[in-house]
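**Q** Below is a structure I'd like to ask you about.
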């Protein structure tokens, strides 16, 4: 190695030593003289106002900045009053006063100087808030004649006399933009949007000019698929070509296609970029069918039925017209059944179809010694609008052949029963409902010598209402009423099979009593069922954890022949678990109308509605 190389190595060694010494002193200085920080105290505001002031204050945002210095702290402190004023103006405070503004350096705090903590203090006097004196919203374009826009303008967040709030102002503009998008005014825009502050009267004047431009329409609908007939697909449409566009109708159309069992993939596209001269927008629908066959199985448990299970096969579509067929078998400790259904879409709407039914059911309980039913039926399903309520209506006729033995009554009933049923359901969530209700009313009957060997006319009403109470509570009320007319049709009650008679008691009736034990009895003391039914229940449920709730309830009811008979009462407490398989209810109820008020456990699984 040459002397020159030795010299280079020696110089590199000296340079390394100097770097280590420099780093050592930097670390030492950093430990002795920490970066300054700031503690900020703001008085006179709280809540959203305090949060917004903190967000606007540069000193608050930079109080722990690694390059914070004395000069920067003093500069940011000076600009704080203007930032506070800007922060409070969106809430309507335009005449605020900073009654105290102080910046205390570390050496005046009596603390260890090594901490280098500055203290900043601001005391705010908000003064009176600025009020809205006038709100002027002008709608131009096609929306000027739109009743929905007129109704919305009357319910905007901005009201005369309210404190000016910029968030409400922005919300108002957003509401108008969203409504224009929903209603098909795709070129809408604000031509003027102003908040004018009158310093003399200390009031605000709001002016919004909104030009909706033209109202677009639905154009021709094209279905891209190669299996189903066009007539079947047209049943899903919620609009006609030439109707004014609304996003709700388009979404409903897509949901009907998606929720049907025909399609695995549904894409609905509106060609906004290519409207015709008549402002009609073509609608393109891409569909892919599901697999034809569907298999499902289920298990459950109820105190009344014990363990239960089911198997079902369904062919989602048989032909190009969308016919469907299904077969389902169910079994439990007390009953077994097999039911086959064949559905035929008819009419112009998706909820209109004809259904053919055939089935067999066998039931044995502590009350019913034997009930063996063969049935066939045909029913028409469609919807009917009554007083702005869309009801589901089922009109049908069923032939039922039932062999039975209950109490001392045995027989073989053959009933040809016309029937009609109406139902209405509205719920935010059917599995766990916070707001919803379901009402059902049905009438059926048979006439001796007209395809039947017994006569009766029977009606039944069921209702259930659910409402949220406070944040974590629910009120659940349900009622059931049944009435049978037999004597007027020259029939005998003993001629009616168990499936037509009324019983009460059990998990979904009057809790605290065994299944079907509340009903008239014969001379031997055995339950034989009644002509009429009345059941009511009131329950309060309170959530204690995300998936768990506690409940208290009171039930009353009975099945009877005369309305003068006394009703039975039951009450209890329960636990609810929103499990992966559905809502599970564990209830312990006492039979208040029985001697000793015996207790009974009830377990049920299923949705609220």
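The values are calculated or read from the model by the stated rules, or taken from the named source; none is laboratory data. Remember, it's a predicted structure, so these values are computed and weren't measured experimentally. In this analysis, Cβ positions are derived from the backbone assuming ideal geometry, glycine residues included, and neighbour counts consider all displayed protein chains.
**Q** Tell me, which strands (runs of 3 or more DSSP E) lie completely within region 168-264 with 1 or more residues that are in contact with a strand residue (DSSP E or B) (Cβ under 6 Å, 6 or more places away or on another chain), exposed (fewer than 14 other Cβ atoms within 10 Å of the Cβ) and not assigned by TED's automatic domain parsing to the domain that holds residue 94?
**A** 189-198, 217-224
**Q** Looking at region 318-361, which of its residues are surrounded by 15 or more Cβ atoms within 10 Å (Cβ to Cβ) and either on the phi > 0 side of the Ramachandran plot or touching a helix residue (DSSP H, G or I) at 6+ places or on another chain (Cβ under 9 Å) (or both)?
**A** Across region 318-361, the qualifying residues are 322, 345, 350.
**Q** Is it the case that region 147-162 has a residue that's touching a residue at least 40 places away in the same chain (Cβ under 8 Å), in the same structural domain as residue 187 (by TED's automatic domain parsing) and under 22 Å from residue 193 (Cβ atoms)?
**A** yes
**Q** Kindly indicate whether any position in region 484-493 is assigned to a strand (DSSP E or B) and in the same structural domain as residue 365 (by TED's automatic domain parsing).
**A** yes
**Q** Ok, one more. With the structure loaded, tell me whether residue 357 is assigned to a strand (DSSP E or B) and without any contact (Cβ under 8 Å) to a residue 12 or more places away in the chain or whether it fails that test.
**A** So residue 357 fails the test.
**Q** Output yes when any residue across region 330-352 is assigned to a strand (DSSP E or B), free of Cβ contacts under 8 Å to residues at least 12 places away in the same chain and assigned by TED's automatic domain parsing to the domain that holds residue 515, and no when none is.
**A** No: zero hits.
Rundown of residues vs (1) over 17 Å from residue 433 (Cα atoms); (2) at pLDDT 95 or above, yes/no style:
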{"site": "517", "(1), (2)": "yes, no"}
{"site": "526", "(1), (2)": "yes, no"}
{"site": "549", "(1), (2)": "no, yes"}
{"site": "558", "(1), (2)": "yes, yes"}
{"site": "569", "(1), (2)": "yes, yes"}
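**Q** Would you point out which residue out of 299, 286 is surrounded by fewer than 17 Cβ atoms within 10 Å (Cβ to Cβ), touching a residue at least 12 places away in the same chain (Cβ under 8 Å), under 32 Å from the mean Cα position of the chain (by Cα) and assigned to a strand (DSSP E or B)?
**A** Result of the check over 299, 286: 286.
**Q** Continuing with the same structure: Just give me the residues in region 576-609 being under 24 Å from the mean Cα position of the chain (by Cα) and modelled with pLDDT under 90, in sequence order.
**A** Within region 576-609, 579, 580, 581, 582, 583, 604, 605, 606, 607, 608, 609 meet the criteria.
**Q** Quick check, is residue 272 touching a residue at least 12 places away in the same chain (Cβ under 8 Å), out of contact with any strand residue (DSSP E or B) (no Cβ under 8 Å at 6 or more places or on another chain) and either outside any strand (DSSP E or B) or crowded, with 16+ Cβ neighbours inside 10 Å (or both)?
**A** No, not satisfied.
**Q** Can you spot a residue in region 500-510 that is touching a residue at least 24 places away in the same chain (Cβ under 8 Å), part of a strand (DSSP E or B) and surrounded by 22 or more Cβ atoms within 10 Å (Cβ to Cβ)?
**A** yes
**Q** Could you tell me whether region 568-575 includes any residue that is without any contact (Cβ under 8 Å) to a residue 60 or more places away in the chain and under 25 Å from the mean Cα position of the chain (by Cα)?
**A** For region 568-575, residues without any contact (Cβ under 8 Å) to a residue 60 or more places away in the chain and under 25 Å from the mean Cα position of the chain (by Cα): present.
**Q** Quick test for you: out of 192, 200, pick the one residue that is at pLDDT below 90 and either over 34 Å from the mean Cα position of the chain (by Cα) or within 30 Å of residue 243 (Cα to Cα) (or both).
**A** 200
**Q** Would you pick out the residues in region 435-461 that are surrounded by 14 or more Cβ atoms within 10 Å (Cβ to Cβ) and under 28 Å from residue 547 (Cβ atoms)?
**A** Scanning region 435-461 gives 436, 437, 438.
**Q** Still on this structure, I have one more. Quick one: residue 46 ticks every box in (1) at pLDDT 90 or above; (2) buried (at least 17 other Cβ atoms within 10 Å of the Cβ); (3) assigned to a loop (DSSP other than H, G, I, E, B) bar one, so which box is it?
**A** Only one criterion is unmet by residue 46, namely (2).
**Q** Select from region 120-134 the residues that are buried (at least 20 other Cβ atoms within 10 Å of the Cβ) and farther than 30 Å from residue 61 by Cα and list them in ascending order.
**A** The answer is 132, and nothing else.
**Q** Also, I was wondering about something else. Looking only at region 135-149, which residues are more than 21 Å from residue 246 (Cβ to Cβ) and surrounded by 13 or more Cβ atoms within 10 Å (Cβ to Cβ)?
**A** Result: 135, 137, 138.
**Q** Look through region 247-269, keep the residues that are out of contact with any helix residue (DSSP H, G or I) (no Cβ under 6 Å at 6 or more places or on another chain) and touching a residue at least 60 places away in the same chain (Cβ under 8 Å), and return whichever of them is nearest to residue 338 (Cα to Cα).
**A** Within region 247-269, the match that is nearest to residue 338 (Cα to Cα) is 261.
**Q** Filter region 511-522 down to the residues that are surrounded by 22 or more Cβ atoms within 10 Å (Cβ to Cβ) and in a strand (DSSP E or B) and list them by number.
**A** 518
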